[in-house]
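Structure record follows, encoded as structure tokens.
The values are calculated or read from the model by the stated rules, or taken from the named source; none is laboratory data. The model shown is predicted, which means the values in this text are computed figures rather than measured ones. Ideal geometry is used to build each Cβ from the backbone, glycine not excepted, and the neighbour counts take in all protein chains shown. Side chains included, ligands, DNA and RNA excluded: accessible areas come from the protein's heavy atoms. Shrake-Rupley method; radii C 1.70, N 1.55, O 1.52, S 1.80 Å.
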Amino acid sequence: MGRGRNKALHDLYLEYEDKTAKKVLAEGIIRFCEDIGIAPEDVVMIVICWHMDAQTMGEFTEEEFEGGLEDIGVDSITSLKAAIPSLRKELNDRKKFKEIYEYAFMFSRENNQKCLQLDVALSVWPLLITKEKWKYIDLWCEFLQEHHKKAISKDTWTQLLDFIDVMDDTFSQYDPTGAWPYLIDEFVALVKEQGKIGN
Amino acid sequence: MMDRKESRGGVKKFVIKPLRSRTSLPEDFRDANWRQLCEAIDAIKKEVPVSTSLEQLYRSVEDVCVQGHSEWLYAQLQERCQGHASSVLSSLSEVVQGYQEQMGDTAYSEQMLDQVGGLWDVYCSQLMLIRHIFLYLDRTHLLMKSEHRSVFEMGLRYFKEYMNTEYVQVKKMVLQGIMGAVDAERRGDAVRRDVLKNLVRMFALLGLYEDSLMPLFLERARAFYAEEGNRIILDVSLSEYLEYVEKRISEEFNRCDAILEPITRIPLIQTVEACVIEPHVAYMLEHGFEKLLDEDRIADLKRMYDVFGRVKAHKALCLAFKNHLKKAGSSIVENDGKDGDMIKNIISLKHRMDKIVSECFDNIIYQDAMKDAFAYFVNLRSNRPAELLAKHMDSILRGGGKSVGSGSKGGRGAEDDVEAALDSSMAIFRFIQGKDAFEAFYKKDLAKRLLFNRSFSIDMEKSAISKLKAECGAHFTSKLEGMFTDVELSKDMMASFKTSSDSMEELTNVCPGTDISVQVLTSGLWPTYPMLECNFPENLANGLEVFKKHYLSKYSGRKLLWLHSLGTCIMKVRFSSGVKELSVSFFQAAVLMAFEDSDSLTYSEISTATGLEDDELKRTLQSLACGRERVLLKDPKGKDVNDSDTFKFNSKYTSKLYRVRINAIQMKESVDESRKTNEMVLQDRQHQIDAAIVRIMKTRKTLGHKLLINELISQLRFPVHPPDLKRRVESLIDREYLERDSSDPQIYNYLA
């Protein structure tokens, strides 16, 4: 669309575009993933979407697709494939991870909703927050499944990362009268009660 | 020798000249006198009559002193007295030793004490006699020059010295004897108090009271009561123990007055208190105090207050009182099987405790403790006590004297009882923290009473309102008062409607033979009622319109909405046994009207005819077909109404009464209603919290979490928990009224 962009990028886009919708849709995305050699649920996909600033899960506009790849600095499948490891490394960069994490919330929710559906949250969370990053991630997901059963607010999502960053494994510094979201209060209380600290 | 002078005139002058020679004292004047005095002293010592008269002896002393021999005389006297004291003590020592051999060291003998007392008395009187003789010496030489202030005192001094040194065994035995006697009296034996008093006085006179007798006495008392107290407290009930304490203290007091020096009184009583009360304070509070409170044992509790006051243990007693009260109250409130009696039981507990505090614990710390305890348990179980209190007042205001068990049949007596019942309720209301919940329930019940004319007396209603106003201020009761105004205004409106000939004419035209009465409620003052639709026969609907027209002619700017769910009517219905007047709700009437043309209808037919919503329709049909007065018959039989049921008009219905009331549902309290009101209160509170948060944040622009929470707690007029407040804050973050500060997530910023 006349942006002075790389013709190669545009051609690449056209390969995956769904002609009727004028965007890349699910089918195209699956092929795209196959081509670059990653599973669609792979967390690096989120990183790629973040570069694209894709607004909706399951579709890329032309602008998003091309802009994203440009942002990564590639214009072909091969170069993108080669860039995968460095994209993964971005998850280890503290500042970038925070942006990716917060982006993931917005990206995963339905367009017209403020909150993120629980089941989606529970599938995205473990991707970004691995056991190495936070040992309690499984317990957290279990807790939400059994006790919360409702959608996740943005505040809870973002505050969780803060919480993980600041809090030590035994929650010794935790202050329930502070401003942590109440879900986190309840989680900490439950973990302490069930004696699962350290597990 | 007279010199006779020749006088020339006749007056004779006499001159007297002193004697040339002086008279002189006998050589041994001093010693002779002393010998005589000595004899006298000896006689006194031997208790035999003195040969010389006392007068003479006295004069003798005076003579010797006047001749300048005071000093010498005094020295002699001292020597004699010293000897005297020594010999008396020696006799005492013999006496005492005799008894000691008999009894050993620990027993005592009243006889011995008596004897000792007797010997002492003799010594004292001997000393007095000697003093009489040597009075002149006493008053002159001794007064001014010597270390002893009197002969008597000198005698005592020597006695004391000997008793402290050579004859110290006498002192020991006598003290032991006294102590033994006192212990015996404590154990219930009769003892010779006069003997004891005498001996105690002896010690006092000798100056041995404070350092020898008193410490020993206190120690013996301590030992006795420590043992007895520890033993008895395990054997008897609390009230018996308290009586025991009082009795013993009074006995000791008594005995102290009778035989001891006044200076002993306070330390003695303190010693006893320290043995029988102080160590057992905790024990007494744990074993029997609660029973005394439960059984309203006024006399025992008063005694306990006094006893504890002696050892300054009021703090402990008050705390135990508070804790017991908290426990008793909590068990009333938390017993959810007995909700119907909760308020009555709380009121009765309050009356009992008021009595106990005023008669037994007349002290502000107990009054405060009672207030704290009540404030604690009345606010357990969130809004339930508030709801039940409103219900309690509702039954008072509906039933009048009868409902409060008044003996009077009516008039002043019954009114006073109702007033008293309302006052008792107010006493409980004072403690409720969630007063907004109370208001919601009270309003709901008040509305029913006003709309269905159930109040026992409007005066009583107004009295209740003014009591609430006095507690909470006009703001709290303004809506309630508005409800009364609405009722009055409706009456006026009806009067004007009935006198308006135009309206009356129109009414007769559209629905002849029908009388209408309307209550107009100002929305916002009354509880919210569901606006349910219903199909009416046209003529009735038009009749209602006539009223509406009349009303709007008086108040043009207003909007009227019918609350058919509250409407009632009286229908004349023909049964095979005759015509009956049925007092029914509008919805019930609508259902019955459907049977005007056909005897049997299915559920769905009735539903279409009445236009009533399902839940309401089912309930209405139940009231007509499954209750006590069955004007409809349901097929299949049973209490539940299902979509597949059919209904038939029960022409065979009979009743003893001509006018039958079937609209009982509206008056009956449903569990549903209670739940709805509770929800409404919670919703309302949530809104208030949200509004408060926004208001605070708007003013402050940015505020830390804890400060915000504190500010909210101080502003909100109902009890809240910080976690609930936190949830509302998060909700407001979600709705983008607030955000977390980017540099510190514990701080919030207002988003304009």
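Miscellaneous remarks
- Members of the stretch B:446-471 that are at pLDDT 90 or above, small (Gly, Ala, Ser), surrounded by fewer than 18 Cβ atoms within 10 Å (Cβ to Cβ) and closer than 15 Å to residue B:418 by Cβ: B:463, B:466
- Here residue B:251 passes the criteria (1) surrounded by 14 or more Cβ atoms within 10 Å (Cβ to Cβ); (2) within 28 Å of residue B:203 (Cβ to Cβ); (3) touching a residue at least 24 places away in the same chain (Cβ under 8 Å) except the one numbered (1).
- Residue in the stretch B:669-686 that is within 14 Å of another protein chain (Cβ to nearest Cβ), among the β-branched types (Val, Ile, Thr), open to solvent by less than 40 Å² (accessible area, probe 1.4 Å) and touching a helix residue (DSSP H, G or I) at 6+ places or on another chain (Cβ under 6 Å) present: no
- If the condition is being of a type in the set (D, E, K, R) and more than 26 Å from residue B:676 (Cα to Cα), then the stretch B:530-546 contributes B:538, B:545.
- Residue check for residue B:355: part of a helix (DSSP H, G or I) and of a type in the set (Lys, Arg): yes
- Residue B:507 more than 22 Å from residue B:596 (Cα to Cα), open to solvent by less than 60 Å² (accessible area, probe 1.4 Å) and not aromatic (Phe, Trp, Tyr): yes
- Within the stretch B:630-657, the set of residues being under 18 Å from residue B:579 (Cα atoms) and open to solvent by less than 70 Å² (accessible area, probe 1.4 Å) comprises B:631, B:632, B:649, B:650, B:651, B:653, B:655.
- Any hit, the stretch B:137-147, residues being of a type in the set (A, V, I, L, M) and under 59 Å from the mean Cα position of the chain (by Cα): no
- Of the residues making up the stretch B:77-98, at least one is over 26 Å from residue B:180 (Cβ atoms) and among the hydroxyl-bearing types (Ser, Thr, Tyr).
- Scanning the stretch B:479-498 for residues that are closer than 24 Å to residue B:424 by Cα and open to solvent by less than 60 Å² (accessible area, probe 1.4 Å) yields a count of 2.
- The stretch A:54-79: number of residues that are in a loop (DSSP other than H, G, I, E, B) and of a type in the set (Gly, Ala, Ser): 4
- Within the stretch B:636-752, strands (runs of 3 or more DSSP E) holding 2 or more residues that are under 30 Å from residue B:563 (Cα atoms): B:646-649, B:659-661
- Whichever residue in the stretch B:343-352 is in contact (Cβ under 8 Å) with a residue 40 or more places away in the chain and under 16 Å from residue B:326 (Cβ atoms) and, among such residues, is most open to solvent (accessible area, probe 1.4 Å): B:352
- Taking the listed residues B:188, B:207, B:177, the one that is in a loop (DSSP other than H, G, I, E, B), under 20 Å from residue B:124 (Cβ atoms) and either of a type in the set (Gly, Ala, Ser) or open to solvent by 50 Å² or more (accessible area, probe 1.4 Å) (or both) is B:207, with no other qualifying.
- Residue within the stretch B:395-410 that is open to solvent by 20 Å² or more (accessible area, probe 1.4 Å), part of a helix (DSSP H, G or I) and under 29 Å from residue B:721 (Cα atoms) present: no
- When residues of the stretch B:693-725 are limited to those that are away from chain A (no Cβ under 14 Å) and among the hydrophobic types (A, V, I, L, M, F, W, C), the one farthest from residue B:747 (Cα to Cα): B:718
- Number of positions in the stretch A:26-70 that are over 18 Å from the mean Cα position of the chain (by Cα) and open to solvent by 50 Å² or more (accessible area, probe 1.4 Å): 7
- One residue stands out among those in the stretch B:243-270 that are under 15 Å from residue B:186 (Cα atoms) and of a type in the set (Ser, Thr, Tyr): the one that is nearest to the chain's Cα centre (by Cα), which is B:244.
- Restricted to the stretch B:524-572, and to residues there that are among the small types (Gly, Ala, Ser) and over 24 Å from residue B:453 (Cβ atoms), the residue that is least open to solvent (accessible area, probe 1.4 Å) is B:541.
- Only helices (runs of 4 or more DSSP H) whose full extent lies in the stretch A:80-199 are considered here, and the ones with at least 3 residues that are within 12 Å of chain B (Cβ to nearest Cβ), crowded, with 20+ Cβ neighbours inside 10 Å and over 14 Å from the mean Cα position of the chain (by Cα) are A:154-166.
- Among the residues of the stretch B:733-752, the one identified as at the interface with chain A (Cβ under 10 Å from one of its Cβ atoms) and either closer than 30 Å to residue B:438 by Cα or aromatic (Phe, Trp, Tyr) (or both) is B:748.
- In the stretch A:39-56, the qualifying residues are those that are touching a helix residue (DSSP H, G or I) at 6+ places or on another chain (Cβ under 6 Å) and aliphatic (A, V, I, L, M), and the one that is farthest from residue A:125 (Cα to Cα) is A:52.
- Meets criteria (without any contact (Cβ under 8 Å) to a residue 24 or more places away in the chain and farther than 21 Å from residue B:47 by Cβ) for residue B:150: yes
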